[in-house]
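Here's the structure, in structure tokens; my notes come after.
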Amino acid sequence: MAAKEKKKVILFDLDGTLTDPMIGITKSVQYALKKYGIIEEDLWNLTKFIGPPLKESFMEFYGFSEEEGQKAVEYYREYYAPVGIYENQVYEGLEKMLAALKEKGLSLCVATSKPERFAKMILDHFHLDSYFDLIGGALMDGRTDKAEVISYVLAQLDTKKEKVVMVGDREHDVLGARKNGLDSIGVLFGYGNEEELKEAGADWIAKDMTELGNLLLTLAE
């Protein structure tokens, strides 16, 4: 698919796109489930929680009611806020790519379903916050849907949608972009797969950080 306009604003998902949060998120889910007597020893079984809104994930994957799902999120944060948030690592090559994009004059933003407060803490912790003009996320008690988050970020940007592209690793990123009239790039180094991203309607797929950086620079030319 050929870009109709140069992409000058890039919205990045956080979990599975900028950083690998696997340990922190899965341990936090494990902690929350244990409160309900559900023991899950294999953290890899909990990677399905990376990306989608938490409450809905507890409801979908474990049959929780809405009230139970909300309480599970509170338990999750008991572990995540002091410990799990830092059990995280930056993907190799990310900072080099961000620097190259900024050098070309592109505007970089974050649009994540993670609470905005946590997103800012993570990017500050890894000294990445200075690369981003805007860090937008969910509210602690609402606005978790990815389309809502993207809409919230777009409302703060003074730019045409045709000049914006969303980058993420899960179908929620792609679907959220489509609902807001944006093109999207799916990445394969996170927690989604090519089939998921293509079915959701991703306009481009990047297999690694190098390919993603090259694609974004090409779309901006």
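The values are calculated or read from the model by the stated rules, or taken from the named source; none is laboratory data. Worth saying up front: this structure is predicted, and the values here are computed from it rather than measured. Glycine gets a Cβ as well: all are built from the backbone with ideal geometry, and neighbour counts include every protein chain shown. Note: accessible area is taken over every heavy atom of the protein model, side chains too, but ligands, DNA and RNA are not part of it. Shrake-Rupley method; radii C 1.70, N 1.55, O 1.52, S 1.80 Å.
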Practice problem: Out of 129, 141, report the one residue that is more than 23 Å from residue 104 (Cα to Cα) and acidic (Asp, Glu). | Solution: 141
Exercise. List the number of the failed condition for residue 128; all other conditions in (1) at positive phi; (2) open to solvent by less than 20 Å² (accessible area, probe 1.4 Å) hold.
Key: (1)
Practice problem: Being in contact with a helix residue (DSSP H, G or I) (Cβ under 8 Å, 6 or more places away or on another chain) and among the small types (Gly, Ala, Ser) is the filter; apply it to region 1-48 and report the residue that is surrounded by the fewest Cβ atoms within 10 Å (Cβ to Cβ). | Solution: 3
Practice problem: Give the residues of region 65-121 that are open to solvent by 60 Å² or more (accessible area, probe 1.4 Å) and aromatic (Phe, Trp, Tyr), sorted by residue number. | Solution: 86
Quiz prompt | Residues (hydroxyl-bearing (Ser, Thr, Tyr) and either in a helix (DSSP H, G or I) or over 17 Å from the mean Cα position of the chain (by Cα) (or both)) located in region 40-96 | solution = 47, 57, 62, 65, 75, 76, 79, 80, 86
Practice problem: Within region 136-176, track down each residue that is under 24 Å from residue 90 (Cα atoms), open to solvent by 20 Å² or more (accessible area, probe 1.4 Å) and of a type in the set (Val, Ile, Thr). | Solution: 144
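Which residues, counting only those in region 97-136, are part of a helix (DSSP H, G or I) and of a type in the set (Ser, Thr, Tyr)?
Here is the first cut: in region 97-136, the ones part of a helix (DSSP H, G or I) are 97-103, 116-125, 129-131.
Correct list: 130, 131.
Going through region 128-147 one residue at a time, which ones are touching a residue at least 12 places away in the same chain (Cβ under 8 Å) and within 23 Å of residue 76 (Cβ to Cβ)? Steps first, please.
Taking region 128-147 as the starting set, the residues that turn out to be touching a residue at least 12 places away in the same chain (Cβ under 8 Å) are 128, 131-140, 144-147.
Across region 128-147, the qualifying residues are 135, 136, 137, 138, 139, 140, 144, 145, 146, 147.
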Exercise. Would you please list the contacts, defined by Cβ atoms under 6 Å and residues six or more apart or on different chains, that run from a residue in region 191-219 that is under 16 Å from residue 8 (Cα atoms) to a residue that is of a type in the set (Lys, Arg)?
Key: 219/7
Self-check item: Selection within region 192-206 - open to solvent by 30 Å² or more (accessible area, probe 1.4 Å) and either modelled with pLDDT under 95 or under 23 Å from residue 6 (Cβ atoms) (or both)
Solution: 203, 204, 205
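Here are 68, 74, 60, 40: which of them is touching a Pro at 6+ places or on another chain (Cβ under 9 Å) and free of Cβ contacts under 8 Å to residues at least 60 places away in the same chain?
Details: 68 fails: touching a Pro at 6+ places or on another chain (Cβ under 9 Å); 74 fails: touching a Pro at 6+ places or on another chain (Cβ under 9 Å); 40 fails: touching a Pro at 6+ places or on another chain (Cβ under 9 Å).
Unique residue meeting the criteria: 60.
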